[in-house]
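The structure appears right after this line, and notes come after that.
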Amino acid sequence: MKKYTDSGKKDTRSGFGAGLAHLGRTNPNVVALCADLIGSLKMDEFIAENPERFFQIGIAEANMIGIAAGLTIGGKIPFTGTFANFSTGRVYDQIRQSVAYSDKNVKICASHAGLTLGEDGATHQILEDIGLMKMLPGMVVINPCDYNQTKAATIAIADYHGPVYLRFGRPAVANFTPADAPFEIGKAILLQEGTDVTIVATGHLVWEALLAAEALAEKGISAEVINIHTIKPLDETAILNSVSKTGCIVTAEEHNILGGLGESVARTLANQKPSPQEFIGTNDSFGESGTPAQLMDKYGLNSAAIVKAAEKVIKRK
């Protein structure tokens, strides 16, 4: 069984900041826009080095999306930054009309996603954003798992022509992927091979899936773990190949089970290989105020919940 080591907990939003700073030095067409949350989005380094390529829009997110769409006409590659709730729900009409429908090369970068925003509570903890964004035709949806992968994803999307939604978070989490690992949009990463159950996870739940696999191994259960960093386009081949071997699957995400990764996987299986599936995610509910750890435990978004789901789905084979 392959072991993964946490090289030191880091927040994924800092991975975005590091990736954006790298792009500032290597791609002169990259520009950044922010809705009054420079510090929260870790944009400081990019701004210090490229002040003429940064636009502070203020608390006017709809205007930010419109300006970003306009900048693409002149060949610029705009990266917009604000909280995930304000990056999607507040500006959905502008994204649909000015970015997705028009196929504009805008990178919508969203921090503080999911329950792990923590104490700010339900009004800021968006759990519907993946569903909102994946339903837009042509929109790529990416949800990396740690600092290193978020940095790599930020750099990679600058080379992709088309609208992208990049989702990341606030809390310090395990940083376990190689710093030099290439990031390929739409290509899942097999982290661990197994024969009894497939666990596909995205974002913060990838590390929890690895912890669950260790716990399952102690019970004599062999779990295959796949990191689905790109929810759209989904790597259906990786999922189908794995389930063909294991016969069942657990999906894990920090998002509502209605409309997220789990439903995309279920559609894939229903079309090509019907198989037992269990869902880890919030169950048609809003969040609440609490520490990230408290909320992940209360809503069952952790390794213990994944273990239970794996044991349950194996019995359904």
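Below is a table of values for the structure above.
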quantity: Selection within segment 66-101 - under 21 Å from the mean Cα position of the chain (by Cα) and either outside the structural domain of GLY121 (by TED's automatic domain parsing) or of a type in the set (Ser, Thr, Tyr) (or both); calculated: THR80, THR82, SER87, THR88, TYR92
quantity: Qualifying residue in segment 60-75 (condition: crowded, with 17+ Cβ neighbours inside 10 Å, in contact with a Lys or Arg (Cβ under 9 Å, 6 or more places away or on another chain) and β-branched (Val, Ile, Thr)); calculated: yes
quantity: Candidate set from segment 156-175 (those that are part of a loop (DSSP other than H, G, I, E, B) and free of Cβ contacts under 8 Å to residues at least 40 places away in the same chain); member that is surrounded by the most Cβ atoms within 10 Å (Cβ to Cβ); calculated: TYR160
quantity: Selection from segment 16-36 of residues that are crowded, with 24+ Cβ neighbours inside 10 Å, assigned to a helix (DSSP H, G or I) and either in contact with a Phe, Trp or Tyr (Cβ under 6 Å, 6 or more places away or on another chain) or not assigned by TED's automatic domain parsing to the domain that holds GLN149 (or both); calculated: PHE16, LEU20
quantity: Extreme residue, nearest to LYS10 (Cα to Cα), among residues of segment 176-214 that are surrounded by fewer than 24 Cβ atoms within 10 Å (Cβ to Cβ) and polar (S, T, N, Q); calculated: GLN192
quantity: Segment 262-280 residues that are among the acidic types (Asp, Glu), paired with ones that are assigned to a helix (DSSP H, G or I) (beta carbon under 6 Å, 6 or more apart); calculated: GLU278/ALA309; GLU278/LYS312; GLU278/VAL313
quantity: Considering residues of segment 102-128 that are surrounded by fewer than 24 Cβ atoms within 10 Å (Cβ to Cβ) and under 20 Å from ALA62 (Cα atoms) only, the residue nearest to the chain's Cα centre (by Cα); calculated: GLU128
quantity: Flag for ALA48 being in a helix (DSSP H, G or I) and either surrounded by fewer than 15 Cβ atoms within 10 Å (Cβ to Cβ) or at pLDDT below 95 (or both); calculated: yes
quantity: Residue check for ASP196: acidic (Asp, Glu) and under 23 Å from LEU136 (Cβ atoms); calculated: no
quantity: Count - residues of segment 151-191 that are within 21 Å of ASP103 (Cα to Cα) and touching a strand residue (DSSP E or B) at 6+ places or on another chain (Cβ under 8 Å); calculated: 13
quantity: Identity of the residue in segment 216-234, among the hydrophobic types (A, V, I, L, M, F, W, C) and assigned to a loop (DSSP other than H, G, I, E, B), that ends up nearest to THR195 (Cα to Cα); calculated: ILE221
quantity: Selection from segment 178-208 of residues that are outside the structural domain of LYS219 (by TED's automatic domain parsing) and over 19 Å from ASP235 (Cα atoms); calculated: PRO178, ALA179, ASP180
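The values are calculated or read from the model by the stated rules, or taken from the named source; none is laboratory data. All values reported here derive from a predicted model rather than from experimental measurement. Every residue, glycine among them, receives a Cβ derived from its backbone with ideal geometry; neighbour counts consider all protein chains shown.
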